[in-house]
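Peer 1: Let me give you the structure first, and then I'll get to my questions.
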C-alpha cells in the first residue's frame, strides 16, 4: 500500500497560508495577506482548490459508476461499457519492461530530471511512453482480448519508482535506456537528479477492467453482439471510462472513498481560504 502525501501537502499549504499573513491592525482585527507574495499565493490557493475539488468530483463519479455497474461474465457480456474481473493470460506474445526487466503485457514509463532548488524545484520530463500487446482476460466462462493502451491506471500498484542522486548507482538497464534515447544522466560532478517511473501489467495476475467492449480489429465492422472471442476491450473515442486496476471492486471503492472525499472538502477549504485572502487585498 502506497502512502498518500495529499493530507501532508494540504496541511503544509494551510500552514504556509496562515504564516504568510500579518495583522497590522492589532488583536481582534481582520488579518491581511502580504501585498507581495500574498496575492499570488491566494490565487494559487483558489485555483488549486477548484482543481482539487473538480478531481474529487470526478473520482466520486467514477466510484458511483463502478458501484452501480454489475460485474459481467465474459461469455454473457454485451457490446458497450462493461465491468470484468479475471485472470491475465498472454495472447500471442509478451514484452519486457525496460527498467525492471519484468515480463509483461503492458508498460507505461517516464524519465524525468529534478531541476532548481527550493520553491523553484520541479521535475522536467524527458520522455514518457506506453507500450502494450494484446492479452486475454479469462474467467470461468471464457476469455476476451484486452488492449490496455490509454487506460486509467491510477490504482494499479505493480510499478517501480527509482530516484538517482549524485552518488547513486545507475543500473545497467537504466543506463542502456538513457543511452538509447539520448537522455543525459551525468553531470560534471556526478549523476543528475533523475527519476524513473514504470508501471506494468504482468501475466498470471488478477485484473479489474471497466471499458468498452467492441469488435476486435480482425472481426470486421459489425456492430451486432458477437461471440466473446471476437470482442476486444480497449480505448474508444468518446467512451465514458477505461479503467484498469489490480484490486477488486470492493478494494477500489474502499480505498477511494476517503481520498475522493478529502479532495472534495479539501478543495472547498483551499478555495475558500484563497478567496478570502484575495478579497482582503482589496479591502
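Read-outs: derived from the displayed coordinates by stated rules, not from any lab. Model, not experiment: these values are computed from the prediction. Here the Cβ is made from the backbone with ideal geometry for all residues, glycine too, and neighbour counts use every protein chain on show.
Peer 1: Counting alpha carbon pairs within less than 8 Å and at least 6 residues apart, what relative contact order, in whole percent, applies to the range 90-171?
Peer 2: So the answer I get is 23 percent.
Peer 1: Please report 277, 79 as a ranked list, fewest other C-beta atoms within 10 angstrom at the top and most at the bottom.
Peer 2: Ascending Cβ contact count within 10 Å gives the list 79, 277.
Peer 1: Work out, step by step, the length gained on full extension between residue 161 and residue 187: first 0.36 nm times the residue separation, then minus their alpha carbon distance; give nm to one decimal.
Peer 2: Answer, rounded to one decimal: 7.2 nm.
Peer 1: Using the 10 angstrom Cβ neighbour count as an exposure proxy, how do 71, 199 rank, fewest first?
Peer 2: Ordered from fewest to most neighbouring Cβ atoms within 10 Å, 71, 199 come out as 71, 199.
Peer 1: Subtract the Cα-Cα distance of residue 93 and residue 281 from 0.36 nm times their separation in residues, and report this length gain in nm to one decimal.
Peer 2: 61.5 nm
Peer 1: Determine the relative contact order of the range 45-138: mean sequence separation of Cα pairs under 8 Å and six or more apart, normalised by residue count, in whole percent.
Peer 2: Answer for the range 45-138 is 24 percent.
Peer 1: For the residues 279, 273, 84, 123, what sequence is obtained by ranking on other C-beta atoms within 10 Å, fewest first?
Peer 2: So the ranking, lowest neighbour count to highest, is 279, 123, 273, 84.
Peer 1: Between residue 127 and residue 47, what length comes free when the chain is fully extended (0.36 nm per residue of separation minus the Cα-Cα distance, one decimal in nm)?
Peer 2: Length gained between residue 127 and residue 47: 26.0 nm.
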